[in-house]
Amino acid sequence: MSYSRQVVYRDRRKMGKKDQTKTQPLETVEPIGKRALIRKDEDKKQTKGGIQLPDNIEIPTITGRIITISAEVENSPDIPLRQYDKVLFNPKGAIPVDFEGDNRLFVVEIENVVAVFRKS
């Protein structure tokens, strides 16, 4: 499995005339080995008690959703991970992917995924 995106730009200078649209080629990220591509959840700006935190303080989160997994993980019956699972992971070994502006994508080794959230 791989994760892809296509970027479309509109030329704002020529909006009065025909809509000028430029499309960049598709970019793809595919983890290799025993790795998964995880989108990190948003950092919390408010405590559970309702206290609003200042902008420079955030409660770090290490949870996220699996966007895609490598073929090796997908074919392994011993690893119970699937696409879109919510997981808890160790960010120390995570490799950030400069793929989107907010940079919330990380390539994580399966050994660094420590828990999967499942509904029973």
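Computed from the coordinates by the stated procedures, all read-outs in this text should not be read as laboratory data. Computed from a prediction, not measured in an experiment: that's the story for all the values here. We place every Cβ from the backbone using ideal geometry, glycine too, and count neighbours over all the protein chains shown.
Modelled spin labels at ARG82 and ILE95, positioned 7 Å past Cα toward Cβ, are 2.8 nm from each other.
Calculated FRET efficiency, PHE117 to GLN52, Cβ-Cβ distance, R0 = 30 Å: about 0.70 to the nearest 0.05.
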